[in-house]
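Participant: Please read through the structure below; I'll follow up with questions.
Coordinate-derived values only; no laboratory data. Treat the numbers as computed from the prediction; the structure is a model and nothing was measured. In this analysis, Cβ positions are derived from the backbone assuming ideal geometry, glycine residues included, and neighbour counts consider all displayed protein chains.
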Amino acid sequence: MKRTHSDTDEQFALEAHLKNFEMMPGVVLVVVGLGGIVLELTLSEPCVSMLPDPIRGVWGILWAVFGASVLWYRWGSVVDRTAGTVTRWWGVPGVYTYRRVRSLRPEEVRVEGKINDMDDLYRTIYRVSLVEAGACIALASGESAVESRGIAEELAGFLDVPLVDNTPM
């Protein structure tokens, strides 16, 4: 996750997207979809298929569009210090969904490391959170302690609250 340009100086915006290896299903879907469209357009004689001709072309388009949406999927958070809100968003460019998480008066920004044992891959994930009355609002996470610490330092400076670093040394 990285900091991005925000609309005003009163907002702290973060954005993330899929990493290279996570994009592979999208690439496969786009290739299959475009391949189906090309085959449909270039075949001079009808091929034997369980689907009628127009449906094959539509399926190719649907596969390609779905694959492209996987490739361009983004998500992020916006902290607005004037309004005192955190807004989360997700989607593809032009079709984003927004959800205001809550009003806040943060007491601190916390960065902490947690071992993630998903899929038998033991990785440490570093999470950046806002803490208010003991409740944490997670804003960013990543595999780099340096990047997560940098985001946390920027956010703590932006909100003028202390930074608590709970990462393992």
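Participant: Taking amide hydrogens as modeled 1.01 Å from N in the peptide plane, which residues meet the under 5 Å criterion relative to T124, leaving out close sequence neighbours?
Facilitator: For T124, whose amide H was placed from the backbone, the distant partners under 5 Å are N116.
Participant: According to a simple spin-label model (label point 7 Å from Cα along Cα-to-Cβ), what is the distance in nm between L18 and V32?
Facilitator: So the two model labels end up 1.3 nm from each other.
Participant: Please list, ordered by chain and number, the residues whose modelled amide H lies under 5 Å from the amide H of E107; skip anything fewer than 5 residues away on the same chain.
Facilitator: Under 5 Å from the amide H of E107: V131, E132, A133.
Participant: Now, a different point. Residue by residue through the range 23-31, which ³J(HN,Hα) values in whole Hz follow from phi under the Karplus form 6.51 cos²θ - 1.76 cosθ + 1.60 (θ = phi - 60°), with glycine and proline marked x?
Facilitator: So the Karplus estimates, Gly and Pro as x, are 7, 4, x, x, 4, 4, 4, 5, 5 Hz.
Participant: Please turn the phi angles of the range 81-86 into ³J(HN,Hα) values with the Karplus equation 6.51 cos²θ - 1.76 cosθ + 1.60 (θ = phi - 60°), one per residue in order, whole Hz, x for glycine and proline.
Facilitator: 6, 6, 7, x, 10, 10
Participant: Between F66 and L39, what is the FRET efficiency for a Förster distance of 25 Å, r being their Cβ-Cβ separation, to the nearest 0.05? Could you put the intermediate results ahead of the total?
Facilitator: On the way: r = 18 Å, r/R0 = 0.72.
It comes out at approximately 0.85.
Participant: Using 0.36 nm per residue, how much length does the chain from Y96 to T4 gain when fully extended, once their Cα-Cα distance is taken away?
Facilitator: Working: separation 92, 0.36 × 92 = 33.12 nm, distance 1.59 nm.
Additional length available on full extension: 31.5 nm.
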